[in-house]
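The values are calculated or read from the model by the stated rules, or taken from the named source; none is laboratory data. What you see is a predicted model, and the numbers here were worked out from it, not measured in a lab. Backbone-built Cβ (ideal geometry, glycine too); neighbour counts: all protein chains shown. Protein only, heavy atoms only, side chains kept; ligands, DNA and RNA dropped before computing areas. Shrake-Rupley method; radii C 1.70, N 1.55, O 1.52, S 1.80 Å.
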Amino acid sequence: MNRQRLDIAIVGGGMVGMAQAALLAVRHPQLQVALLEASTEVPRVPADSYDARVVALTQASRELLEEMGAWDAIGDSRACPYTEMRVWDAEGTGSVRFNSRDVQMPNLGHIVENNVVVAALRARLEALPNVELVNGFRLESWWRDCGLWHLQPRSDRINVIEGLEENGEVLRTRLLIGADGARSKVRDLLRIRCQDTDYHQTALVCVARCEKTHRHTARQRFLKTGPLAFLPLAGLGDENHCAVVWSADEALARELVMLDDQAFCLNLEKAFESSLGKVESVSERFSFPLRARHAESYYGPGAVLVGDAAHSIHPLAGQGVNLGLQDVRVLSDEIGRALKRGLEPADISVMARYQRRRRGDNATTLKAMSTFKSLFGAGDLHWRWLRNTGLSMVDASPLLKKRIILRAMAV
Ligand SMILES: Cc1cc2nc3c(=O)[nH]c(=O)nc-3n(C[C@H](O)[C@H](O)[C@H](O)COP(=O)(O)OP(=O)(O)OC[C@H]3O[C@@H](n4cnc5c(N)ncnc54)[C@H](O)[C@@H]3O)c2cc1C
């Protein structure tokens, strides 16, 4: 591949960047695409343990992964379909159950470990002749000349990137896609401002082995200090393992991090009302401070943002990757439309149309997550009554439930 005149370079090889590279390469074999990733780690999927970080993939995300040829490797290994979702309020009697039968579907989505998705996407990219995966490339600086972005990695990385020294240490591309996560360098270099809200919560994630089987149900209990989710896992021969995502106010999160495993299991079981019986053991715990971010613009000259680089949201509805994959779909559609009209992939109309189709949707989801977080964090009687009545009303209305499920599945 000619690294001096790429059609498209994608910075950031997380789930969204990889999916963007795969979809563009599959749809447009004539394009030369490079995926530049800072890390040199090769994703591994150990046969005897689960990754603590998971995603709840919607039907729309699954369809996209199918189109790019990555779903078979995910679905055949460790994707856990969930047929029911239970949500309830710790401070009252309000609860709601969503079932795939409500919408005549086999399931509501799949819980998949992050490393399984990443490994499947990487295998797919390695099989595509028009994509080059460049590991160890941490974008540090750039400049634009004659319609081409010149991309330079951090100088101490240059020696480890195969072939880069001989090529004069820079890559050149017509279109740059920033998929480099919530603290995006591409966004900074484009000087795009970001609305940034600190949720003052930390998400603790781990895998728990429970006494009772999960019965393919995703469960979430809203505590005043934040939501606690148990998401069903599959693949290691039982139905007793769940991925735990406990979003807790900072003070509580600090206490939970300090506990030994036994004390943490007891706290977890209590906070979850022993809904799955005893919490028998937990894996290593990881913590993620939670912030909402939304880029004020999704593009600059010849460059565009997707995934967490454009928006990052509270994990309470598990929509981050799903929104990112919809960005990927829409941007690929717009690039395809431009190519058909004889325009450049970096034509301004591609980016303007992409932003028009995605920014409003993402803003609505961000707003909804912030509202949920505030609503369930409010302790006074009025708000408690309101949310418990709201949950019970939704539960009693098949039509409303159907609309909510179909909306969530389409993201
Ligand atoms: C606790 C928790 C639970 C979640 N649960 C869900 C869920 O159930 N469902 C869901 O859809 N979402 C969920 N999310 C959100 C989801 O994890 C993110 O939305 C998703 O990982 C974003 O993917 P991304 O590829 O855009 O960014 P990232 O995963 O952050 O990837 C960015 C990549 O860019 C690379 N990079 C960064 N800077 C540079 C640079 N300068 N040069 C080159 N490479 C660079 C990084 O190494 C990284 O590989 C959750 C998030 C959290 C914190």
Among ARG337, ARG358, ARG353, which is the only one that is part of a helix (DSSP H, G or I), within 15 Å of the ligand (Cβ to nearest atom), on the phi < 0 side of the Ramachandran plot and modelled with pLDDT of 95 or more? ARG358
With respect to LEU31, is the statement that it is within 15 Å of the ligand (Cβ to nearest atom) and either without any contact (Cβ under 8 Å) to a residue 24 or more places away in the chain or open to solvent by less than 30 Å² (accessible area, probe 1.4 Å) (or both) true? no
Filtering segment 1-28 down to residues that are open to solvent by 30 Å² or more (accessible area, probe 1.4 Å), outside any loop (DSSP other than H, G, I, E, B) and closer than 15 Å to GLU126 by Cβ yields VAL26
Conditions first: (1) farther than 19 Å from ALA52 by Cα; (2) of a type outside the set (Ser, Thr, Tyr); (3) crowded, with 21+ Cβ neighbours inside 10 Å. PRO232 passes all but one, so which condition is the exception? (1)
What number of residues in segment 327-374 are farther than 22 Å from GLY300 by Cα and without any contact (Cβ under 8 Å) to a residue 40 or more places away in the chain? 5
Examine segment 309-331 for a residue that is small (Gly, Ala, Ser), more than 10 Å from the ligand (Cβ to nearest atom), closer than 29 Å to VAL54 by Cα and in contact with a helix residue (DSSP H, G or I) (Cβ under 9 Å, 6 or more places away or on another chain), and state whether such a residue exists. no
Tell me, which residue of segment 46-76 that is open to solvent by 60 Å² or more (accessible area, probe 1.4 Å) and part of a loop (DSSP other than H, G, I, E, B) is nearest to the ligand (Cβ to nearest atom)? ARG53
Let me spell it out: the conditions are (1) under 28 Å from LYS340 (Cβ atoms); (2) part of a loop (DSSP other than H, G, I, E, B); (3) in the same structural domain as ALA309 (by TED's automatic domain parsing), and SER39 meets all of them except one. Which number is the exception? (1)
Cβ pairs under 7 Å, 6+ apart, first in segment 302-316 and more than 23 Å from GLU334 (Cα to Cα) and open to solvent by 10 Å² or more (accessible area, probe 1.4 Å), second more than 7 Å from the ligand (Cβ to nearest atom) and among the aromatic types (Phe, Trp, Tyr): LEU316/PHE372
Can you tell me which residues in segment 173-198 are over 14 Å from SER297 (Cα atoms) and open to solvent by 30 Å² or more (accessible area, probe 1.4 Å)? ARG174, ASP180, ARG183, LYS185, THR197, ASP198
Do the conditions hold for GLY342, that is, is it open to solvent by less than 20 Å² (accessible area, probe 1.4 Å) and more than 30 Å from VAL245 (Cα to Cα)? no
